[in-house]
Amino acid sequence: MNPGRTEKRNRWLPGILTVGTLMAGGRWISHVPVGPAYIGDLLLFASVLHGLCAALTRKATERTYGPGVLLALVVLFAAFRLLTTDADADMRTAARDAAPFLYCCAGYLSSSAYQWAGEESRKRAVRMLYGALLVHLVWVGAVLLAGDAMPGMPQLDAETRVFDLRPDFDAAMLGVLIGLSILRVRTGKGRLNVVVAASALFLVFSMHTRAGLLACFACIAAAFVLRPKAAGRRPVRSVLLGCAVVLGVLLLLPGSSAGQRFVATTGGVTTSQEAALSAEGTTRARMIAWRSVIGYTLDDPGRTAIGVGFGTDFLRLSDADVPLGRGMGVRSPHNYLLTCFARLGLAGLSLVTALLASVLGAVARALRSREADELTSLCVLLVVSLLVVALLGVVLESPFGAVPFFWASGVLLGRKRLLRARRRRIHQGPAEFVQEGELAASRGPGVPDVKPLRECMR
């Protein structure tokens with residue numbers, strides 16, 4: 001083995017089973033109890049053990065890169081606020097409030113694993129996540145077609161039954177499936193993907209969710225911006241596919257419930273007065289709640305600096321739960337950044353905002369990349385779709401949204417840092433690369449082959 005080469009291992013990527021399970025089931029599967037805990041918590045704990053075992057048994061021949069210091073700072077600051085929780089607060093409630101910020105650790109499972117994983121491991125991960133998305137498509141379609149004919153499903157807790165829909169998250173996952181299917185059609189991987197994408201798009205339009213609709217549109221746009229392998233030889237196919245998608249959206253959007261709500265929100269004329277009133281009422285209620293949360297947090301210097309912490313129901317104290325529905329158990333103002341501001345103050349919000357900016361930078365780098373692998377493309381779609389719905393709903397505050405989001409973010413952040421390190425070593429001079437085995441045989445004394453250099457620059 002050449003020194004400096006990363007040993008590629010065809011193993012299961014740590015956390016892939018947890019992410020696939022949560023993507024397949026969504027909200028209801030995260031509420032499946034397993035003893036005193038939930039299935040998502042147990043799967044995440046098993047993933048951490050898997051990641052530790054993989055790190056200890058792997059023969060490291062080249063440095064791998066983590067997701068960066070920002071993610072660690074977010075986790076440490078959240079842990080600090082949890083440890084400084086008021087003594088009279090309910091620690092179980094405080095732990096539940098803090099869990100979404102601690103789920104950021106999923107990024108550490110995927111960042112280095114993506115780098116040491118072999119090509120077969122990455123393909124296996126994509127196949128598993130694609131299968132999870134297909135399972136999600138099947139049961140969501142069955143629920144929407146059955147309507148109210150499925151009331152006999154087992155009750156998981158006081159508020160959740162098996163196969164309960166969570167429209168914003170479910171539409172976001174359908175958007176990821178649409179984007180991945182478009183990428184596969186662009187690379188010539190079967191006509192079945194056209195049927196899958198059309199079915200998923202029809203289901204999205206059948207849901208009452210504007211955030212999910214926006215996430216779906218974002219995934220479609222990202223799927224056409226991404227440049228997967230072998231797509232460059234099929235420009236006509238990509239153009240025709242794009243025209244078909246645009247035509248389908250124009251035909252389905254005006255008559256769909258989600259489209260009616262979206263048009264009403266933007267001030268357009270809808271055919272349903274009920275949909276218009278519902279959309280305007282929801283928007284007004286959230287704006288009132290957001291202003292209440294911001295005002296309550298800014299009223300006290302301590303809350304402004306480091307937030308209210310965990311275990312405190314800031315929605316009730318600020319009366320923001322009145323427009324959102326008092327007594328319904330809501331603990332988030334339907335905006336992830338506002339939740340961070342209220343819980344962690346300006347200090348925590350600054351860290352989270354910087355982390356999200358870094359993730360978006362990694363997304364932009366992947367979008368510009370030539371011939372991005374399928375796992376990278378899938379992670380881009382996951383990050384884009386979940387971030388959109390997180391800004392208009394309660395998604396990253398829950399395990400079914402936070403774990404897939406930060407797992408995908410870890411892949412992109414680790415990839416970005418790896419490419420940056422390779423670029424830095426390229427600029428240090430070709431001699432070092434010859435010593436590390438990164439370049440092919442030179443064409444002459446001191447003249448390296450430029451093809452590997454170009455590959456590293458991608």
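The values are calculated or read from the model by the stated rules, or taken from the named source; none is laboratory data. These numbers come from a predicted model, not from an experiment. As a convention, Cβ positions derive from the backbone with ideal geometry for all residues, glycine included, and neighbour counts pool all protein chains shown.
Please find, within the stretch 73-92, the residue that is surrounded by the most Cβ atoms within 10 Å (Cβ to Cβ) out of those that are outside any helix (DSSP H, G or I) and in contact (Cβ under 8 Å) with a residue 40 or more places away in the chain. That would be Thr85.
Within 18 Å of the chain's Cα centre (by Cα) and part of a loop (DSSP other than H, G, I, E, B): is that true of Pro67 in this structure? Yes: the conditions hold for Pro67.
In the condition set (1) surrounded by fewer than 22 Cβ atoms within 10 Å (Cβ to Cβ); (2) at pLDDT below 95; (3) in a helix (DSSP H, G or I), Asp168 is compliant with all but (1). Under the condition of being under 26 Å from Leu412 (Cβ atoms), of a type in the set (Asp, Glu) and without any contact (Cβ under 8 Å) to a residue 12 or more places away in the chain, the residues counted in the stretch 110-169 number 0. Annotation note: of Ala95, Ala55, the sole residue that is of a type in the set (A, V, I, L, M), in a helix (DSSP H, G or I), assigned by TED's automatic domain parsing to the domain that holds Gly309 and touching a residue at least 60 places away in the same chain (Cβ under 8 Å) is Ala95.
Conditions tested, residue by residue: (1) buried (at least 19 other Cβ atoms within 10 Å of the Cβ); (2) among the hydrophobic types (A, V, I, L, M, F, W, C); (3) farther than 19 Å from Ala98 by Cβ.
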{"position": "Val330", "(1), (2), (3)": "no, yes, no"}
{"position": "Gly345", "(1), (2), (3)": "yes, no, no"}
{"position": "Leu356", "(1), (2), (3)": "yes, yes, no"}
{"position": "Arg365", "(1), (2), (3)": "no, no, yes"}
{"position": "Val389", "(1), (2), (3)": "yes, yes, yes"}
{"position": "Ala402", "(1), (2), (3)": "yes, yes, no"}
{"position": "Phe405", "(1), (2), (3)": "yes, yes, no"}
{"position": "Arg415", "(1), (2), (3)": "yes, no, yes"}
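How about the stretch 182-212: which of its residues are among the hydroxyl-bearing types (Ser, Thr, Tyr) and out of contact with any strand residue (DSSP E or B) (no Cβ under 7 Å at 6 or more places or on another chain)? Step through it out loud before you land on a result.
First, the residues of the stretch 182-212 that are among the hydroxyl-bearing types (Ser, Thr, Tyr): 187, 199, 206, 209.
Scanning the stretch 182-212 gives Ser199, Ser206, Thr209.
Looking at the stretch 143-157, can you tell me whether even one residue there is closer than 23 Å to Leu396 by Cβ and in the same structural domain as Val330 (by TED's automatic domain parsing)? Yes, the conditions are met somewhere in the stretch 143-157. Restricting attention to the stretch 14-38, the residues that are in a helix (DSSP H, G or I) and either of a type in the set (Asp, Glu) or closer than 23 Å to Cys379 by Cβ (or both) total 13.
Looking only at residues in the stretch 176-218 that are part of a loop (DSSP other than H, G, I, E, B) and in contact (Cβ under 8 Å) with a residue 12 or more places away in the chain, which one is surrounded by the most Cβ atoms within 10 Å (Cβ to Cβ)? Break it down stepwise before answering.
Quick first cut of the stretch 176-218, residues part of a loop (DSSP other than H, G, I, E, B) only: 187-191, 206-209.
Within this subset, residues satisfying the condition of being in contact (Cβ under 8 Å) with a residue 12 or more places away in the chain are 187-188, 206-209.
Working: Thr187: 19, Gly188: 13, Ser206: 17, Met207: 23, His208: 19, Thr209: 25.
Checked the stretch 176-218; the qualifying residue surrounded by the most Cβ atoms within 10 Å (Cβ to Cβ) is Thr209.
Taken over the stretch 136-162, the criterion of being at pLDDT 90 or above and more than 29 Å from Leu226 (Cβ to Cβ) is satisfied by Ala142, Val143.
Checking each residue in the stretch 110-165 for being surrounded by 21 or more Cβ atoms within 10 Å (Cβ to Cβ) and part of a strand (DSSP E or B) picks out only Ala117. Cβ separations smaller than 9 Å between residues 6+ apart or across chains give the following pairs from the stretch 375-396 residues that are touching a residue at least 24 places away in the same chain (Cβ under 8 Å) to residues that are of a type in the set (Phe, Trp, Tyr) and surrounded by fewer than 23 Cβ atoms within 10 Å (Cβ to Cβ): Leu378/Tyr130; Val388/Phe217.
Remark: pairs (first residue in the stretch 308-325, more than 17 Å from Thr85 (Cβ to Cβ); second residue modelled with pLDDT of 85 or more and in a loop (DSSP other than H, G, I, E, B); Cβ separation under 6 Å; 6+ apart in sequence or on different chains) = Ala320/Pro333.
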